[in-house]
Amino acid sequence: MSANRGRYYTVEEYFAVEQVGNARYEYWDGDIVCMSGGSEAHGRICGNVYFAVRLQTGGGPCQAFTSDVPVKTPTLPPYRYPDTSIACGTAVFENINGIDVLVNPVLMVEVLSPQTEKVDRGAKFEAYKAIDTFREYLLIAQHEPHLTHFVKQETGEWRRFDTADLTATVEFEAVGCTLAVADVYATVVFP
């Protein structure tokens, strides 16, 4: 994920970069990774997803947040930046070194890229699972229509659902809304 590997950064150095930069960064065990500057497709998909869920959650018991709002990950401190997150009830924030960090997300969305897919499916998903309120995770491919939806079962196990059907919808039971696959990819041109 980073070209900087080789130098170990302290969390204090990370916070210094995070507070003065115009970009968003994540701290990964001594590495500082810039999370800004995605592709055109990434930007369109993120906007489409946020817009669709915001329309459905606005004024209700759940609130949608853009990638500007970090989420606290207790097992992978200090926090991560999902592309979209949703909290239900009262959104709870903790101020971590001057940054307001969401601590009670119910659903998180990541748009995959070749650089982040392995981490989004692996280490980041594991870090999100440590959040007590977390119930649903959506991974979205940007180079072809494909969504992977993970739903936490009452047993604590995570069930996986995949779709590449542009006429399908994904139901987010935890937040009471749906997402049409066609809406996710509106205005996206595939190679």
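The values are calculated or read from the model by the stated rules, or taken from the named source; none is laboratory data. Everything quoted here is computed from the prediction, not taken from an experiment. Note: ideal-geometry Cβ built from the backbone for every residue, glycine included; neighbour counts use all protein chains shown. To get the accessible areas, we keep the full protein, side chains included, count just its heavy atoms, and leave off ligands, DNA and RNA. Shrake-Rupley method; radii C 1.70, N 1.55, O 1.52, S 1.80 Å.
Restricted to region 30-62, and to residues that are part of a loop (DSSP other than H, G, I, E, B) and touching a residue at least 24 places away in the same chain (Cβ under 8 Å), which residue is nearest to Tyr9 (Cα to Cα)?
Met35
The residues of region 103-134 that are surrounded by 15 or more Cβ atoms within 10 Å (Cβ to Cβ) and polar (S, T, N, Q), listed by number, are Asn104, Ser113, Thr116, Thr133. Filter region 68-102 for residues that are outside any strand (DSSP E or B), open to solvent by less than 40 Å² (accessible area, probe 1.4 Å) and over 23 Å from His143 (Cα atoms) and give the result. The answer is Val69, Pro70, Thr73, Leu76, Pro78, Ala91. The listed residues are Ile32, Ile86, and the only one of them that is modelled with pLDDT under 95 and touching a helix residue (DSSP H, G or I) at 6+ places or on another chain (Cβ under 7 Å) turns out to be Ile32.
For every residue, the table says whether it meets (1) assigned to a strand (DSSP E or B); (2) out of contact with any His (no Cβ under 7 Å at 6 or more places or on another chain); (3) more than 16 Å from Cys46 (Cβ to Cβ); (4) at pLDDT 95 or above.
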site	(1), (2), (3), (4)
Asp132	no, yes, yes, yes
Tyr137	yes, yes, no, yes
Thr148	yes, yes, yes, yes
Val151	yes, yes, yes, yes
Asp165	no, yes, yes, yes
Glu171	yes, yes, yes, yes
Thr178	yes, yes, yes, yes
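What about Tyr137, is it within 16 Å of the chain's Cα centre (by Cα) and either buried (at least 20 other Cβ atoms within 10 Å of the Cβ) or without any contact (Cβ under 8 Å) to a residue 12 or more places away in the chain (or both)?
For Tyr137, the condition - within 16 Å of the chain's Cα centre (by Cα) and either buried (at least 20 other Cβ atoms within 10 Å of the Cβ) or without any contact (Cβ under 8 Å) to a residue 12 or more places away in the chain (or both) - is met.
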